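Have a look at the structure below, then the notes.
The values are calculated or read from the model by the stated rules, or taken from the named source; none is laboratory data. Keep in mind that this is a model prediction, so the values were computed, not measured. Positions of Cβ are generated from backbone atoms using ideal geometry, with glycine treated the same way; all protein chains shown enter the neighbour counts.
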Amino acid sequence: RLAGSAAGWGFQFQSPGFVVAVCWLLFLMGLNLLGVFEVSAGRLGQVQTGSGRGGDMMTGLLAVIVATPCTAPFMGVAIAGALGGSPVMGVLVFLSMGLGLAFPYILVAGVPGVASRMPKPGAWMGILKQVLAFPLFATCVWLLWVAAIQRGVTFVALTAGGVVLLGFAGWIYGVGQRRSMLEGGRGTVAFCRVVAALCVVICGAALAQGLRAAPAPVVAGAVEAGVEPFSEARLAELRAQGKPVFIDMTASWCITCMVNERVALDVPSVQEAFRSRGIVFLKGDWTNRNAAIAEFLKAHGRDGVPFYMYYAPHQDGVVLPQILTPGIVISTIGK
(Lines give C-alpha, C1' and ligand atoms only; values in the text may rest on other atoms or scores of the structure.)
Protein backbone atom coordinates (compact mmCIF):
# COMPACT_ATOMS: atom_id res chain seq x y z
CA ARG A 1 0.00 0.00 0.00
CA LEU A 2 2.82 2.43 0.87
CA ALA A 3 4.32 1.69 -2.57
CA GLY A 4 1.15 2.97 -4.20
CA SER A 5 -0.73 -0.29 -4.80
CA ALA A 6 -4.32 -0.78 -3.71
CA ALA A 7 -4.74 -3.14 -0.77
CA GLY A 8 -7.86 -5.05 0.18
CA TRP A 9 -8.89 -8.25 1.92
CA GLY A 10 -8.70 -11.16 -0.51
CA PHE A 11 -7.48 -8.85 -3.30
CA GLN A 12 -4.65 -11.26 -4.16
CA PHE A 13 -7.28 -13.36 -5.94
CA GLN A 14 -7.70 -10.52 -8.43
CA SER A 15 -4.41 -11.70 -9.95
CA PRO A 16 -4.98 -14.55 -12.46
CA GLY A 17 -1.40 -15.69 -11.91
CA PHE A 18 -2.02 -16.06 -8.19
CA VAL A 19 -5.28 -17.94 -8.81
CA VAL A 20 -3.56 -20.44 -11.11
CA ALA A 21 -0.56 -20.84 -8.79
CA VAL A 22 -2.82 -21.63 -5.83
CA CYS A 23 -4.85 -24.04 -7.98
CA TRP A 24 -1.70 -25.93 -8.95
CA LEU A 25 -0.35 -25.90 -5.41
CA LEU A 26 -3.59 -27.31 -3.98
CA PHE A 27 -3.65 -29.99 -6.68
CA LEU A 28 -0.14 -31.09 -5.72
CA MET A 29 -1.15 -31.07 -2.06
CA GLY A 30 -4.08 -33.31 -2.95
CA LEU A 31 -1.75 -35.75 -4.71
CA ASN A 32 0.46 -35.66 -1.63
CA LEU A 33 -2.49 -36.56 0.60
CA LEU A 34 -3.38 -39.46 -1.69
CA GLY A 35 0.16 -40.81 -1.38
CA VAL A 36 1.28 -40.22 -4.98
CA PHE A 37 4.42 -38.70 -3.48
CA GLU A 38 5.49 -37.76 0.03
CA VAL A 39 6.52 -34.22 0.92
CA SER A 40 5.23 -32.71 4.16
CA ALA A 41 5.24 -29.01 5.01
CA GLY A 42 7.33 -29.82 8.08
CA ARG A 43 10.00 -31.61 6.06
CA LEU A 44 10.09 -28.75 3.56
CA GLY A 45 10.64 -26.34 6.43
CA GLN A 46 13.47 -28.51 7.79
CA VAL A 47 15.18 -28.44 4.42
CA GLN A 48 14.96 -24.66 4.30
CA THR A 49 15.62 -23.68 7.89
CA GLY A 50 17.19 -26.69 9.59
CA SER A 51 14.18 -27.08 11.89
CA GLY A 52 10.46 -27.79 11.74
CA ARG A 53 9.47 -24.19 12.46
CA GLY A 54 9.78 -23.15 8.83
CA GLY A 55 7.29 -25.83 7.85
CA ASP A 56 4.89 -24.68 10.56
CA MET A 57 5.13 -21.13 9.26
CA MET A 58 4.52 -22.24 5.67
CA THR A 59 1.46 -24.26 6.71
CA GLY A 60 -0.02 -21.27 8.50
CA LEU A 61 0.85 -18.95 5.63
CA LEU A 62 -0.91 -21.20 3.14
CA ALA A 63 -4.00 -21.41 5.38
CA VAL A 64 -4.22 -17.61 5.58
CA ILE A 65 -3.66 -17.01 1.86
CA VAL A 66 -6.33 -19.47 0.78
CA ALA A 67 -8.83 -18.62 3.52
CA THR A 68 -8.93 -14.82 3.15
CA PRO A 69 -11.86 -14.63 0.69
CA CYS A 70 -14.04 -16.46 3.25
CA THR A 71 -13.01 -14.74 6.48
CA ALA A 72 -13.94 -11.12 5.69
CA PRO A 73 -17.59 -11.39 6.84
CA PHE A 74 -16.47 -12.42 10.30
CA MET A 75 -13.72 -9.82 10.69
CA GLY A 76 -14.83 -6.94 8.47
CA VAL A 77 -14.45 -4.21 11.10
CA ALA A 78 -11.06 -5.47 12.31
CA ILE A 79 -9.77 -5.78 8.74
CA ALA A 80 -10.91 -2.28 7.82
CA GLY A 81 -9.15 -0.89 10.89
CA ALA A 82 -5.98 -2.85 10.15
CA LEU A 83 -5.74 -1.82 6.50
CA GLY A 84 -6.85 1.77 7.07
CA GLY A 85 -4.85 2.55 10.18
CA SER A 86 -1.17 2.92 10.96
CA PRO A 87 1.30 0.12 10.17
CA VAL A 88 1.73 -0.56 13.91
CA MET A 89 -2.01 -0.93 14.41
CA GLY A 90 -2.22 -3.19 11.36
CA VAL A 91 0.52 -5.47 12.70
CA LEU A 92 -1.19 -5.70 16.11
CA VAL A 93 -4.57 -6.54 14.59
CA PHE A 94 -3.15 -9.19 12.27
CA LEU A 95 -1.06 -10.63 15.11
CA SER A 96 -4.23 -11.03 17.16
CA MET A 97 -5.98 -12.69 14.22
CA GLY A 98 -3.03 -15.03 13.77
CA LEU A 99 -3.20 -16.05 17.43
CA GLY A 100 -6.90 -16.73 16.95
CA LEU A 101 -6.16 -18.97 13.96
CA ALA A 102 -3.56 -20.88 15.98
CA PHE A 103 -5.66 -21.06 19.15
CA PRO A 104 -7.10 -24.59 18.62
CA TYR A 105 -3.57 -26.00 18.24
CA ILE A 106 -2.34 -24.00 21.24
CA LEU A 107 -5.24 -25.35 23.30
CA VAL A 108 -4.55 -28.98 22.41
CA ALA A 109 -0.77 -28.65 22.84
CA GLY A 110 -0.91 -26.66 26.06
CA VAL A 111 -3.75 -28.28 28.00
CA PRO A 112 -3.12 -32.00 28.66
CA GLY A 113 -6.77 -32.63 29.49
CA VAL A 114 -7.86 -31.50 26.02
CA ALA A 115 -5.20 -33.60 24.28
CA SER A 116 -6.25 -36.70 26.21
CA ARG A 117 -9.76 -36.40 24.81
CA MET A 118 -8.58 -36.32 21.20
CA PRO A 119 -9.06 -39.49 19.09
CA LYS A 120 -6.20 -41.96 19.42
CA PRO A 121 -3.82 -42.35 16.45
CA GLY A 122 -4.56 -45.28 14.20
CA ALA A 123 -5.31 -46.49 10.68
CA TRP A 124 -8.22 -44.04 10.46
CA MET A 125 -5.69 -41.21 10.11
CA GLY A 126 -4.46 -42.58 6.78
CA ILE A 127 -8.01 -42.82 5.46
CA LEU A 128 -8.84 -39.31 6.68
CA LYS A 129 -5.68 -38.00 5.03
CA GLN A 130 -6.82 -39.40 1.68
CA VAL A 131 -10.38 -38.13 2.11
CA LEU A 132 -9.07 -34.60 2.71
CA ALA A 133 -7.56 -34.60 -0.79
CA PHE A 134 -10.98 -34.29 -2.38
CA PRO A 135 -11.95 -30.93 -0.83
CA LEU A 136 -8.65 -29.66 -2.25
CA PHE A 137 -9.56 -30.96 -5.70
CA ALA A 138 -12.99 -29.30 -5.36
CA THR A 139 -11.21 -26.04 -4.53
CA CYS A 140 -9.16 -26.46 -7.72
CA VAL A 141 -12.38 -26.69 -9.73
CA TRP A 142 -13.60 -23.46 -8.13
CA LEU A 143 -10.31 -21.73 -8.94
CA LEU A 144 -10.57 -22.92 -12.55
CA TRP A 145 -13.96 -21.23 -12.70
CA VAL A 146 -12.49 -18.01 -11.28
CA ALA A 147 -9.69 -18.14 -13.89
CA ALA A 148 -12.29 -18.57 -16.64
CA ILE A 149 -14.10 -15.45 -15.50
CA GLN A 150 -10.88 -13.45 -15.25
CA ARG A 151 -9.13 -14.43 -18.48
CA GLY A 152 -11.40 -16.62 -20.60
CA VAL A 153 -11.49 -20.25 -21.70
CA THR A 154 -8.03 -20.22 -23.32
CA PHE A 155 -6.49 -19.42 -19.96
CA VAL A 156 -8.50 -22.24 -18.39
CA ALA A 157 -7.10 -24.64 -20.98
CA LEU A 158 -3.59 -23.53 -20.01
CA THR A 159 -4.39 -24.05 -16.33
CA ALA A 160 -5.90 -27.48 -16.93
CA GLY A 161 -2.90 -28.47 -19.04
CA GLY A 162 -0.67 -27.44 -16.18
CA VAL A 163 -2.71 -29.64 -13.83
CA VAL A 164 -2.05 -32.65 -16.09
CA LEU A 165 1.66 -31.87 -16.35
CA LEU A 166 1.99 -31.36 -12.60
CA GLY A 167 0.10 -34.60 -12.04
CA PHE A 168 2.73 -36.35 -14.14
CA ALA A 169 5.47 -34.53 -12.21
CA GLY A 170 4.04 -35.67 -8.89
CA TRP A 171 3.68 -39.24 -10.12
CA ILE A 172 7.22 -39.56 -11.47
CA TYR A 173 8.62 -37.89 -8.35
CA GLY A 174 6.79 -40.52 -6.30
CA VAL A 175 8.20 -43.27 -8.52
CA GLY A 176 11.68 -42.00 -7.73
CA GLN A 177 10.92 -41.90 -4.01
CA ARG A 178 9.65 -45.47 -3.94
CA ARG A 179 12.59 -46.68 -6.04
CA SER A 180 14.97 -45.00 -3.61
CA MET A 181 13.35 -46.64 -0.59
CA LEU A 182 13.17 -50.12 -2.14
CA GLU A 183 16.30 -50.36 -4.23
CA GLY A 184 18.36 -47.24 -3.60
CA GLY A 185 18.90 -46.63 -7.32
CA ARG A 186 20.42 -43.17 -7.34
CA GLY A 187 20.46 -42.81 -11.11
CA THR A 188 16.75 -43.53 -11.45
CA VAL A 189 15.91 -41.26 -8.53
CA ALA A 190 17.90 -38.39 -9.99
CA PHE A 191 16.25 -38.87 -13.40
CA CYS A 192 12.75 -38.80 -11.86
CA ARG A 193 13.52 -35.65 -9.90
CA VAL A 194 14.95 -33.89 -12.94
CA VAL A 195 11.89 -34.76 -15.02
CA ALA A 196 9.57 -33.56 -12.24
CA ALA A 197 11.50 -30.30 -11.91
CA LEU A 198 11.41 -29.82 -15.68
CA CYS A 199 7.62 -30.21 -15.66
CA VAL A 200 7.33 -27.53 -12.98
CA VAL A 201 9.56 -25.17 -14.98
CA ILE A 202 7.47 -25.73 -18.12
CA CYS A 203 4.31 -24.93 -16.17
CA GLY A 204 5.83 -21.71 -14.84
CA ALA A 205 6.97 -20.64 -18.32
CA ALA A 206 3.55 -21.42 -19.82
CA LEU A 207 1.82 -19.42 -17.09
CA ALA A 208 4.09 -16.43 -17.65
CA GLN A 209 3.39 -16.60 -21.38
CA GLY A 210 -0.34 -16.87 -20.78
CA LEU A 211 -0.33 -13.84 -18.51
CA ARG A 212 1.46 -11.78 -21.16
CA ALA A 213 -1.17 -12.63 -23.77
CA ALA A 214 -4.16 -10.33 -24.13
CA PRO A 215 -7.12 -11.62 -22.09
CA ALA A 216 -10.03 -13.05 -24.02
CA PRO A 217 -13.52 -11.61 -23.62
CA VAL A 218 -14.74 -12.79 -20.25
CA VAL A 219 -18.11 -13.29 -18.68
CA ALA A 220 -17.23 -11.39 -15.49
CA GLY A 221 -19.23 -8.19 -15.27
CA ALA A 222 -21.80 -9.60 -17.70
CA VAL A 223 -24.78 -9.00 -15.43
CA GLU A 224 -28.06 -10.83 -15.52
CA ALA A 225 -31.41 -9.43 -16.56
CA GLY A 226 -32.68 -6.66 -14.30
CA VAL A 227 -29.20 -5.87 -12.99
CA GLU A 228 -27.02 -2.94 -14.01
CA PRO A 229 -23.23 -2.65 -13.65
CA PHE A 230 -22.21 -0.33 -10.86
CA SER A 231 -20.76 3.10 -11.49
CA GLU A 232 -20.67 6.24 -9.37
CA ALA A 233 -22.23 8.23 -12.21
CA ARG A 234 -25.16 5.83 -12.56
CA LEU A 235 -25.68 5.80 -8.79
CA ALA A 236 -25.74 9.61 -8.68
CA GLU A 237 -28.16 9.72 -11.61
CA LEU A 238 -30.60 7.28 -10.01
CA ARG A 239 -30.49 9.04 -6.65
CA ALA A 240 -31.12 12.39 -8.33
CA GLN A 241 -34.21 10.86 -9.96
CA GLY A 242 -35.45 9.69 -6.55
CA LYS A 243 -35.26 6.00 -7.36
CA PRO A 244 -34.44 3.35 -4.74
CA VAL A 245 -31.10 1.63 -5.36
CA PHE A 246 -29.64 -1.63 -4.02
CA ILE A 247 -25.87 -2.06 -4.41
CA ASP A 248 -24.16 -5.45 -4.41
CA MET A 249 -20.37 -5.44 -4.34
CA THR A 250 -19.21 -8.98 -5.09
CA ALA A 251 -16.44 -11.11 -6.61
CA SER A 252 -16.35 -14.57 -8.14
CA TRP A 253 -13.59 -15.65 -5.75
CA CYS A 254 -15.68 -14.64 -2.73
CA ILE A 255 -17.51 -17.73 -1.51
CA THR A 256 -19.64 -15.70 0.91
CA CYS A 257 -20.76 -13.47 -1.96
CA MET A 258 -21.81 -16.48 -4.02
CA VAL A 259 -23.74 -18.01 -1.12
CA ASN A 260 -25.53 -14.73 -0.36
CA GLU A 261 -26.60 -14.44 -3.98
CA ARG A 262 -28.01 -17.96 -4.03
CA VAL A 263 -29.82 -17.95 -0.69
CA ALA A 264 -30.76 -14.29 -0.14
CA LEU A 265 -30.80 -12.30 -3.39
CA ASP A 266 -31.68 -14.66 -6.25
CA VAL A 267 -34.81 -15.97 -4.55
CA PRO A 268 -38.40 -15.33 -5.69
CA SER A 269 -39.52 -13.42 -2.58
CA VAL A 270 -36.63 -10.95 -2.73
CA GLN A 271 -36.83 -10.54 -6.50
CA GLU A 272 -40.55 -9.82 -6.26
CA ALA A 273 -39.90 -7.27 -3.50
CA PHE A 274 -37.38 -5.51 -5.76
CA ARG A 275 -39.82 -5.44 -8.69
CA SER A 276 -42.82 -4.25 -6.67
CA ARG A 277 -40.84 -1.35 -5.20
CA GLY A 278 -39.09 -0.42 -8.44
CA ILE A 279 -35.65 -0.90 -6.91
CA VAL A 280 -32.69 -0.61 -9.28
CA PHE A 281 -30.06 -3.30 -8.64
CA LEU A 282 -26.46 -2.14 -9.21
CA LYS A 283 -23.81 -4.85 -9.15
CA GLY A 284 -20.10 -4.15 -8.77
CA ASP A 285 -17.87 -7.05 -9.82
CA TRP A 286 -14.51 -6.93 -8.01
CA THR A 287 -13.26 -10.23 -9.45
CA ASN A 288 -10.65 -8.23 -11.35
CA ARG A 289 -9.07 -5.02 -10.15
CA ASN A 290 -11.45 -2.08 -10.35
CA ALA A 291 -10.37 1.28 -8.97
CA ALA A 292 -13.93 2.67 -8.83
CA ILE A 293 -15.17 -0.22 -6.70
CA ALA A 294 -12.10 -0.06 -4.46
CA GLU A 295 -12.68 3.67 -3.87
CA PHE A 296 -16.38 3.10 -3.14
CA LEU A 297 -15.55 0.42 -0.59
CA LYS A 298 -12.88 2.58 1.03
CA ALA A 299 -15.27 5.53 1.23
CA HIS A 300 -17.59 3.37 3.31
CA GLY A 301 -14.88 2.00 5.59
CA ARG A 302 -14.51 -1.39 3.92
CA ASP A 303 -11.56 -3.14 2.30
CA GLY A 304 -13.24 -6.23 0.93
CA VAL A 305 -16.38 -7.88 -0.31
CA PRO A 306 -19.20 -8.70 0.14
CA PHE A 307 -20.66 -5.26 0.68
CA TYR A 308 -24.34 -4.38 0.40
CA MET A 309 -25.98 -0.96 0.60
CA TYR A 310 -29.55 0.22 0.07
CA TYR A 311 -30.53 3.79 -0.83
CA ALA A 312 -34.16 4.63 -0.25
CA PRO A 313 -35.44 7.62 -2.30
CA HIS A 314 -33.82 10.88 -1.12
CA GLN A 315 -32.27 9.21 1.95
CA ASP A 316 -28.81 8.22 3.07
CA GLY A 317 -27.63 4.72 2.37
CA VAL A 318 -28.11 1.83 4.79
CA VAL A 319 -25.36 -0.81 5.02
CA LEU A 320 -26.59 -4.40 5.26
CA PRO A 321 -24.79 -7.23 7.10
CA GLN A 322 -22.22 -9.23 5.17
CA ILE A 323 -24.15 -12.45 5.73
CA LEU A 324 -27.65 -12.07 4.30
CA THR A 325 -30.98 -13.79 4.60
CA PRO A 326 -34.14 -13.04 2.56
CA GLY A 327 -35.72 -11.63 5.70
CA ILE A 328 -32.87 -9.15 6.27
CA VAL A 329 -33.06 -7.88 2.68
CA ILE A 330 -36.86 -7.56 2.62
CA SER A 331 -36.91 -5.87 6.03
CA THR A 332 -34.27 -3.34 4.95
CA ILE A 333 -35.93 -2.34 1.69
CA GLY A 334 -39.33 -2.36 3.39
CA LYS A 335 -38.26 0.44 5.69
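Looking across I293, I333, I279, one residue alone is hydrophobic (A, V, I, L, M, F, W, C) and closer than 18 Å to Q150 by Cα. It is I293. Restricting attention to segment 316-323, does a residue exist that is touching a residue at least 24 places away in the same chain (Cβ under 8 Å), surrounded by 16 or more Cβ atoms within 10 Å (Cβ to Cβ), closer than 30 Å to L144 by Cβ and not hydroxyl-bearing (S, T, Y)? Scanning segment 316-323, I find at least one residue that is touching a residue at least 24 places away in the same chain (Cβ under 8 Å), surrounded by 16 or more Cβ atoms within 10 Å (Cβ to Cβ), closer than 30 Å to L144 by Cβ and not hydroxyl-bearing (S, T, Y), so the answer is yes.
Just one of A147, A123, A133 is surrounded by 12 or more Cβ atoms within 10 Å (Cβ to Cβ), assigned by TED's automatic domain parsing to the domain that holds V22 and farther than 15 Å from V22 by Cβ; which is it? Before you say what the answer is, go through the steps one by one.
On the way: A147 fails: farther than 15 Å from V22 by Cβ; A123 fails: surrounded by 12 or more Cβ atoms within 10 Å (Cβ to Cβ).
Step by step, each of A147, A123, A133 is checked, and only A133 is surrounded by 12 or more Cβ atoms within 10 Å (Cβ to Cβ), assigned by TED's automatic domain parsing to the domain that holds V22 and farther than 15 Å from V22 by Cβ.
Of the residues screened, T188 is one that is modelled with pLDDT under 90 and polar (S, T, N, Q).
Given the criteria modelled with pLDDT under 70, farther than 27 Å from V131 by Cβ and in contact with a Phe, Trp or Tyr (Cβ under 8 Å, 6 or more places away or on another chain), does A80 qualify?
No.
For the subset of segment 160-195 comprising residues that are under 30 Å from W145 (Cβ atoms) and of a type in the set (A, V, I, L, M), which member is surrounded by the most Cβ atoms within 10 Å (Cβ to Cβ)? Filtering segment 160-195 for residues that are under 30 Å from W145 (Cβ atoms) and of a type in the set (A, V, I, L, M), the one surrounded by the most Cβ atoms within 10 Å (Cβ to Cβ) comes out as A169.
Could you check segment 263-302 and list, in sequence order, the residues that are more than 27 Å from the chain's Cα centre (by Cα) and farther than 23 Å from G242 by Cα? First the steps, then the outcome.
Initial filter on segment 263-302 (more than 27 Å from the chain's Cα centre (by Cα)): 268-280.
Listed by number, the residues that qualify are P268, S269.
Would you check if there is a residue in segment 271-283 being modelled with pLDDT under 90 and surrounded by fewer than 21 Cβ atoms within 10 Å (Cβ to Cβ)? Within segment 271-283, none of the residues are modelled with pLDDT under 90 and surrounded by fewer than 21 Cβ atoms within 10 Å (Cβ to Cβ). Restricting segment 107-153 to residues that are touching a residue at least 12 places away in the same chain (Cβ under 8 Å) and of a type in the set (K, R) leaves a set whose member that is farthest from L25 (Cα to Cα) is R151. Looking at segment 222-243, can you tell me whether even one residue there is at pLDDT below 90, more than 26 Å from E272 (Cβ to Cβ) and either surrounded by 18 or more Cβ atoms within 10 Å (Cβ to Cβ) or outside the structural domain of A294 (by TED's automatic domain parsing) (or both)? The answer is no, given that none of the residues of segment 222-243 is at pLDDT below 90, more than 26 Å from E272 (Cβ to Cβ) and either surrounded by 18 or more Cβ atoms within 10 Å (Cβ to Cβ) or outside the structural domain of A294 (by TED's automatic domain parsing) (or both).
Of all residue pairs spaced 6 or more apart or on separate chains, those with beta-carbon atoms under 8 Å, a first member in segment 154-181 that is under 15 Å from V194 (Cβ atoms) and a second member that is surrounded by 14 or more Cβ atoms within 10 Å (Cβ to Cβ) and among the charged types (D, E, K, R) are Y173/R193; G176/R193. Would you check if V305 is within 29 Å of the chain's Cα centre (by Cα), under 26 Å from L83 (Cβ atoms) and either crowded, with 16+ Cβ neighbours inside 10 Å or touching a residue at least 12 places away in the same chain (Cβ under 8 Å) (or both)? The answer is yes for V305.
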